[in-house]
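The block underneath contains the structure these notes are about, expressed in structure tokens.
The values are calculated or read from the model by the stated rules, or taken from the named source; none is laboratory data. Just so it is clear, the model here is predicted, and its values are computed rather than measured. A quick note on method: Cβ atoms are made from the backbone with ideal geometry, for glycine too, and the neighbour counts reach across all protein chains shown. SASA here: full protein model, heavy atoms, side chains in, ligands and nucleic acids out. Shrake-Rupley method; radii C 1.70, N 1.55, O 1.52, S 1.80 Å.
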Amino acid sequence: MASKKRPETQKSPEVVRLRSRRSRSPRELEPQAKRLRVKGSGSSRRGDSGCLWAGLASLQVPPPCSSIIRDLYRHKLGEAAWPSLQQGLQQSFLHSLASYQIFQKAAPFDRRATSLAWHPTHPSTLAVGSKGGDIMLWNFGIKDKPTFIKGIGAGGSITGLKFNLLNTNQFFASSMEGTTRLQDFKGNTVRVFTSSNTCNVWFCSLDVSAKSRVVVTGDNVGHVILLNTDGKELWNLRMHKKKVTHVALNPCCDWLLATASVDQTVKIWDLRQVRGKASFLFSLPHRHPVNAACFSPDGARLLTTDQKSEIRVYSASQWDCPLGLIPHPHRHFQHLTPIKAAWHPRHNLIVAGRYPDPSFKSCAPYELRTIDVFDGNSGKMMCQLYDPESSGIISVITFSFGARRKLGHRKKMKDNEEGVGQAIPWSPQMGTSSARRDSYLLMGQKYSSIRVEAGHCCMGH
């Protein structure tokens with residue numbers, strides 16, 4: 001197959017086509033060119049069969065990876081350094097992406113998904129928030145109906161979602177309703193941390209530290225509020241000139257806070273020394289408004305995503321100077337959940353949803369809405385994921401790793417129709433029963449769907 005043209009700085013990326021696990025009817029086996037009609041020059045890209053086939057023509061399967069057993073043996077003998085072993089493990093993981101397949105679907109929402117979170121102790125359970133304020137707790141490992149908490153509808157968008165590590169039957173949520181609150185999955189509000197009492201102010205993000213027992217949240221006018229988990233406000237300061245789009249506590253040093261804003265800056269703060277808006281440790285200017293700023297799992301690096309076409313990586317050795325800039329199309333659109341790049345929790349990998357942009361320098365004709373995977377050191381694109389049956393834009397992505405469990409025969413689930421509010425778990429094909437440690441990738445897309453892959457990857461549109 002012909003290789004897909006990529007930017008000069010990204011050589012020969014591997015593109016993985018995710019294959020559907022379900023059996024197909026004769027109708028579905030007809031060429032898509034017969035079922036999808038071209039509507040003329042004004043037709044959408046999703047409806048243009050020529051565009052679809054032109055994009056699929058370039059999909060490639062990753063080459064075989066080196067033997068992990070051999071790499072471990074060489075490391076034990078002292079013939080391979082630890083970084084070399086890590087690269088081998090990472091390459092093995094990348095190769096496994098080729099086996100990711102659709103596992104089942106559900107349609108919980110009437111609006112798009114906006115927030116996603118994995119349960120900290122149940123590997124097959126996740127929480128999903130929607131544009132309408134609905135929240136769903138979904139255990140895709142059982143047949144029971146998901147727990148569903150109805151939102152207020154328009155104006156109730158869930159902007160942040162975190163499980164309470166001190167009581168995993170509860171979760172923290174920030175919303176456009178104007179509150180940051182602690183709830184249980186019976187729908188009861190345990191505690192309200194912040195309430196604006198006005199429709200002009202709402203909360204856009206939150207993070208929680210179970211170790212320090214603090215909650216931090218940011219609003220749409222630039223304020224950041226720090227509280228303890230008992231609800232006592234520690235401070236409320238205007239740290240940015242405009243909306244605070246993201247707040248993140250460092251996982252290793254939870255006194256270190258990163259805040260991102262549409263004022264085109266990311267700021268790093270020491271919570272022990274905050275005295276006012278000028279008491280930041282570092283201010284990281286960007287060329288465009290910023291959607292997110294996320295610390296790496298080891299706390300040593302910071303990943304930022306702007307609202308145009310740039311992903312940046314900063315290092316603790318020099319916070320005020322980016323280690324690398326990754327060109328990537330993910331422009332802002334009012335009716336699209338903001339695209340946010342994310343770290344893999346174990347490997348030095350970055351993932352982000354692609355929103356093809358004709359004005360982007362390296363945009364190729366008929367470019368697909370893929371999930372792009374980059375190396376965290378070099379910024380090189382390692383592979384792309386794409387499923388023609390789920391071609392929405394991936395906005396929010398988060399990884400998790402499950403506990404060790406027994407996998408046996410899995411009954412094939414009938415696919416629901418594509419549509420708004422669709423939820424899709426994904427899984428690699430399993431043969432005979434085996435014990436393994438599952439990895440999960442949770443993603444969100446434009447059209448309110450959620451997907452899980454085993455390995456597992458879960459996405460929501």
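List of remarks:
- Measuring nothing but how far apart in sequence close Cα pairs (under 8 Å, 6+ apart) lie, relative to its length, the stretch 123-234 scores a relative contact order of 16 percent.
- Label positions at Ser283 and Lys211, each projected 7 Å from the Cα along the C-beta direction, are separated by 2.9 nm.
- For Asp110, net neighbour charge (Lys/Arg +1, Asp/Glu -1) across residues whose Cβ lies under 13 Å away: +3
- Ellipsoid equivalent to the stretch 337-376 - semi-axes via the Cα gyration tensor, in Å: 23, 11, 8
- Hull volume in cubic angstrom per residue (convex hull over the Cα atoms of the stretch 118-199): 83 Å³
- Amide H contacts of Leu281 (H built 1.01 Å from N, under 5 Å, at least 5 apart or other chain): Ile268, Trp269, Asp270
- Stokes-Einstein, applied to the Kirkwood radius of the stretch 137-180 over Cα pairs at a viscosity of 1.306 mPa s and 10 °C, places its translational diffusion at 131 µm² s⁻¹.
- Measuring with a 1.4 angstrom probe and ignoring ligands and nucleic acids, Ile142 comes out at about 90 Å² accessible.
- Put Glu233, Glu367, Glu389 in order of accessible area, highest first, and with a 1.4 Å probe you get Glu233, Glu389, Glu367.
- Spatial separation of Cα centroids for the stretch 262-294 and the stretch 350-384, in angstrom: 27 Å
- Cα gyration tensor category, rounded, prolate or oblate, for the stretch 242-281 with a/c compared to 1.5: oblate
- Rounded to two decimals, the Cα radius of gyration of the stretch 241-372 over 2.2 N^0.38 Å is 1.07.
- Ser283 accessible area, assembled protein chains, probe 1.4 Å, Å²: 40 Å²
- Radius ratio Rg over Rh of the stretch 317-366, counting only Cα atoms, Kirkwood formula for Rh: 1.03
- If you bin all the Cα-Cα distances of the stretch 181-275 at 5 Å, starting from zero, the percentages per bin are 3, 13, 24, 25, 20, 10, 4, 1.
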